[in-house]
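No lab work stands behind these numbers, since they all come straight from the coordinates. Bear in mind that the values here come from a model prediction, so they are computed numbers and not experimental data.
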Amino acid sequence: MNRQLKPQKRIALVAHDAKKSELIRWCEHKRAQLSSHQLFATGTTAARLSAALDLPVQAYLSGPMGGDQQIGAKIAEGQLDLLVFFWDPMSQMPHDPDIKALLRIAAVWNIPVACNSASADFMFSSSLIDTEYEYPVPDYQTYLAGRTTPSA
């Protein structure tokens, strides 16, 4: 099964507290490019980005309050195309299981993920960022149908 992305991407922007300023600086640098896409973010990040960029940013709940899970659900539903998540690898977060689940669901549905400014720069310098793009999505129905043990 393949999924077709349109030229205007639906981009989730997430950052841990220690990385919010870095994400905002990165987004300010990429403002012109980001302005042609739909932006989504968790709680405080959404408010700060919207103010800094003067662009609409759809806000979900704060990460610890379920925002990471809301974004993960949108990825699973095919309603988000890219994840830019500046996470802090040096600090343990009280909602680490949610963060791991968000990164896992992005991998499950094969969407591009950038975890720092360098990987985000590479992602946004790709010619694919502003064009249509077709990519494979695993066929989990076939996978589930082939299971030999019942699930709980």
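Data table
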| quantity | calculated |
| --- | --- |
| Residues with amide H under 5 Å from that of LYS30, placed H, sequence gap 5 or more | none |
| Spread of Cα-to-Cα distances over 5 Å intervals beginning at zero, given as percent, for the chain | 2, 9, 19, 22, 20, 13, 7, 4, 2, 1, 0 |
| Within a Gaussian network of the chain (alpha carbon springs, distance under 10 Å), most fluctuating of VAL108, VAL84, VAL14 | VAL108 |
| Space enclosed by the convex hull of the alpha-carbon atoms of region 1-69, per residue, Å³ | 94 |
| Contact order normalised by residue count of region 40-152, Cα under 8 Å, 6+ apart, percent | 19 |
| Among ASP81, ASP98, ASP54: highest mean-square fluctuation, GNM of the chain, C-alpha pairs under 10 Å | ASP54 |
| Tilt relative to the chain, helix 20-29 - C-alpha long axis, 0 to 90 degrees, to 10 | 80 |
